[in-house]
1. Could you figure out which of (1) in contact (Cβ under 8 Å) with a residue 40 or more places away in the chain; (2) open to solvent by 20 Å² or more (accessible area, probe 1.4 Å); (3) assigned to a helix (DSSP H, G or I) isn't true of residue 185?
2. Would you mind finding the one in 162, 148 that is closer than 19 Å to residue 209 by Cβ and touching a residue at least 60 places away in the same chain (Cβ under 8 Å)?
3. Starting from segment 4-32, take each residue that is of a type in the set (D, E, K, R) and list its partners that are outside any helix (DSSP H, G or I), counting only C-beta distances under 9 angstrom and pairs at least six apart or across chains.
4. Which of the residues belonging to segment 29-53 are open to solvent by 20 Å² or more (accessible area, probe 1.4 Å) and either touching a helix residue (DSSP H, G or I) at 6+ places or on another chain (Cβ under 7 Å) or of a type in the set (Val, Ile, Thr) (or both)?
5. Out of segment 65-121, which residues are of a type in the set (Ser, Thr, Tyr) and either within 20 Å of residue 22 (Cα to Cα) or not in a helix (DSSP H, G or I) (or both)?
6. Pull up segment 64-109, narrow it to residues that are surrounded by fewer than 18 Cβ atoms within 10 Å (Cβ to Cβ) and among the charged types (D, E, K, R), then point me to the one that is modelled with the highest pLDDT.
7. If you check 314, 237, 286, 318, which single one turns out to be surrounded by 18 or more Cβ atoms within 10 Å (Cβ to Cβ), over 22 Å from residue 147 (Cβ atoms) and touching a residue at least 12 places away in the same chain (Cβ under 8 Å)?
8. Among the numbered criteria (1) under 19 Å from the mean Cα position of the chain (by Cα); (2) open to solvent by 90 Å² or more (accessible area, probe 1.4 Å), which single criterion is violated by residue 165?
Amino acid sequence: MEFLDTYQQIVADAITKYTFKDKPTELYEPMNYIISHGGKRLRPIMVLMACDLFGGDQKEAIKPALAIEFFHNFTLIHDDIMDEAPLRRNKPTIHTIHGLNTGILSGDGLMLKAYKFFEDLEPEIFKACVRIFTHTGLLLCEGQQYDINFETQENVTFDDYIRMITYKTGVLSASSFEIGAMIAKAQFKDAKAIFNFGKHIGIAFQIMDDYLDVFGDQAQFGKKHAGDIYENKKTVLYLLAREHGTEEERKELDYWYSKKTDNIDKVYGVEKIFRRTRVDEKALRLIEKHNEIGQSYLAKINVPEEKKRPFSELANYLLRRES
């Protein structure tokens, strides 16, 4: 995975170069704070990888790649506010340090800075990329609202869940690849194929996120253990448990998910049902299924196989993660 280290360094150098030095510092320092904590910076890397795959000029893709990273971090700031999350990447969240008002404003500022980072593209590419970017942002908002709705919605279907995670997670990965392809002036069918590759890897990634919330190592995962259970999130684990559980287990899930409480008995009770219904194994099989669908779209792209190999490696790396 040396190629990933190389891309991460390119993104890190660009983030350092474009550190916000604007005033007031009370607005921009929180923006720099969340950007500097890094994470794996996968989405900007996806932009660069797709641009390189189709023979584009990587320098033209650097600022749009940062736009994706800024936008992603904007969504994290606001997500943490909505979830009242104390930690992000094992660090205190912005609203816990600076308060809700600054958290909201710094998130808004990051989103607007993201748009400015497309401005150097030539006009037709600019229009195409901003159209993709804006549509992605709207779908992400829709996905977030569906996620909120599910907390109080009694009947959530598996299709509802897949639509929600596609909008909330899958399309940002997909669009990151597509924007990189557009900058490189890839053929339409190839750009759509890399979009669909990213979408299904993104779906698999979110299912893995749901899985790790309960079955992952909290210290490595960097989030509160079983946070989704506390928040009554209708994740894939919950839906699989309802599908494969007994009538008694479904009633117990209904009982616990009717309460929003930090009661540890709730976590123990729900986790016990998850383990009895073996939802961990079933979730891992779903992850593999979407990985395979994604790989099938990658196979359709008309470039030499050796140029596609890093994409397969990236997908396999993401879906074996422990954090």
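The values are calculated or read from the model by the stated rules, or taken from the named source; none is laboratory data. In this text the structure is predicted, and so the values were computed from the model without any measurement. Note: ideal-geometry Cβ built from the backbone for every residue, glycine included; neighbour counts use all protein chains shown. Each accessible area value is taken on the protein alone, full model and side chains, heavy atoms only, with ligands, DNA and RNA left out. Shrake-Rupley method; radii C 1.70, N 1.55, O 1.52, S 1.80 Å.
1. Of everything listed in (1) in contact (Cβ under 8 Å) with a residue 40 or more places away in the chain; (2) open to solvent by 20 Å² or more (accessible area, probe 1.4 Å); (3) assigned to a helix (DSSP H, G or I), residue 185 misses just condition (3).
2. Matching residue, one of 162, 148: 148.
3. Pairs that qualify, where the first residue is of a type in the set (D, E, K, R) and the partner is outside any helix (DSSP H, G or I), are 29/20.
4. Of everything in segment 29-53, those that are open to solvent by 20 Å² or more (accessible area, probe 1.4 Å) and either touching a helix residue (DSSP H, G or I) at 6+ places or on another chain (Cβ under 7 Å) or of a type in the set (Val, Ile, Thr) (or both) turn out to be 33, 41, 43, 52.
5. 93, 102, 106, 115
6. 108
7. Among 314, 237, 286, 318, only 314 is surrounded by 18 or more Cβ atoms within 10 Å (Cβ to Cβ), over 22 Å from residue 147 (Cβ atoms) and touching a residue at least 12 places away in the same chain (Cβ under 8 Å).
8. Tallying (1) under 19 Å from the mean Cα position of the chain (by Cα); (2) open to solvent by 90 Å² or more (accessible area, probe 1.4 Å), residue 165 fails exactly one: (2).
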